[in-house]
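Heads up: the structure comes next, in structure tokens.
The values are calculated or read from the model by the stated rules, or taken from the named source; none is laboratory data. Quantities reported herein were computed from a predicted structural model and do not represent experimental measurements. For neighbour counting, all protein chains shown are included, and Cβ atoms are generated from backbone atoms with ideal geometry for every residue, glycine included. The accessibility values were calculated without ligands, DNA or RNA, using every heavy atom of the protein model including side chains. Shrake-Rupley method; radii C 1.70, N 1.55, O 1.52, S 1.80 Å.
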Amino acid sequence: MSVPGKFSETKDATKETQKLCDQVKPEVEKKTGKKFKEYVAVTYREQIVAGTNFLIKVHVGGVQYIHLSVSEALPCNGGAVELKGVQENHTKDDPLIPF
């Protein structure tokens, strides 16, 4: 369970995590200037605030990984999903660190 205001430990990605990634994929591709054939959420951390912030490790082919910072508003505030940032050139073993 996550402690409000702090990021959780790293967890295996879920269907819900993949759904968040899929929702921001067009923006990720725009920011990176790349089209990803492979785009699979692997692990994530979450931070409960006025909504939820996510750090997500995404496998994008071969030995390449990217890290996403994504926020999801509370349902009462519309539940919008927003890409906050993308970091490229990560490896499978790189930790998910807030950025």
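Okay, here's what the table says:
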| item | result |
| --- | --- |
| Single residue of the stretch 6-36 satisfying the filter (open to solvent by 90 Å² or more (accessible area, probe 1.4 Å) and touching a residue at least 40 places away in the same chain (Cβ under 8 Å)) that is farthest from Leu68 (Cα to Cα) | Lys6 |
| Extreme residue, farthest from Asn53 (Cα to Cα), among residues of the stretch 4-27 that are among the β-branched types (Val, Ile, Thr) and assigned to a helix (DSSP H, G or I) | Val24 |
| Residue count for the stretch 47-58, restricted to those that are under 17 Å from Ala13 (Cα atoms) and open to solvent by less than 40 Å² (accessible area, probe 1.4 Å) | 7 |
| Filter result (crowded, with 19+ Cβ neighbours inside 10 Å and in contact with a helix residue (DSSP H, G or I) (Cβ under 7 Å, 6 or more places away or on another chain)) within the stretch 37-46 | Ala41, Tyr44 |
| Subset tally (residues that are open to solvent by 30 Å² or more (accessible area, probe 1.4 Å) and hydrophobic (A, V, I, L, M, F, W, C)) for the stretch 59-72 | 1 |
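For (1) over 18 Å from Lys19 (Cα atoms); (2) free of Cβ contacts under 8 Å to residues at least 12 places away in the same chain; (3) of a type in the set (D, E, K, R); (4) in a strand (DSSP E or B), each residue gets a yes or a no:
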residue	(1), (2), (3), (4)
Glu38	no, no, yes, no
Thr43	no, no, no, yes
Lys57	no, no, yes, yes
Val63	yes, no, no, no
Ser71	no, no, no, yes
Gln87	yes, no, no, yes
Pro98	yes, no, no, no
